[in-house]
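Working notes, beginning with the structure itself.
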Amino acid sequence: MAETTDTPADTLVAATQEGALPLHGLVLLGTFDKAEGSSALIRTRNGDIRMVQTGDNVGSSTVSAIDDGALYLVSGAHTKRLTLPEG
């Protein structure tokens with residue numbers, strides 16, 4: 001029996017593209033603008049999927065800012081910028 005979906009074909013291809021996401025480490029999956037502020041969807045080093053906002057802790061880092069397609073993490077005096085994977 002064939003399954004049907006309303007998902008556009010180009011989205012299905014991109015969602016199933018091998019090697020599109022790194023297998024290890026912290027990965028930014030998406031960013032969202034909401035009335036109450038921006039949030040980001042991440043996959044953590046252990047594979048958990050989390051929604052985070054500015055001020056949330058991710059491991060030993062703190063989310064300092066969220067832009068369109070980017071997440072900034074601060075740990076001590078160091079800032080790391082995560083961007084959406086290419087693909």
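The values are calculated or read from the model by the stated rules, or taken from the named source; none is laboratory data. In this text, all values refer to a predicted model and were calculated from it rather than measured experimentally. Cβ: placed from backbone, ideal geometry, glycine included. Neighbour counts: every protein chain shown.
What are the residues in the range 43-86 that are farther than 19 Å from GLY30 by Cβ, among the aliphatic types (A, V, I, L, M) and surrounded by 12 or more Cβ atoms within 10 Å (Cβ to Cβ), if any? Of everything in the range 43-86, just one residue is farther than 19 Å from GLY30 by Cβ, among the aliphatic types (A, V, I, L, M) and surrounded by 12 or more Cβ atoms within 10 Å (Cβ to Cβ), namely VAL74. The residues of the range 23-44 that are more than 12 Å from the chain's Cα centre (by Cα) and at pLDDT below 90, listed by number, are LEU23, HIS24, ASP33, LYS34, ALA35, GLU36, GLY37.
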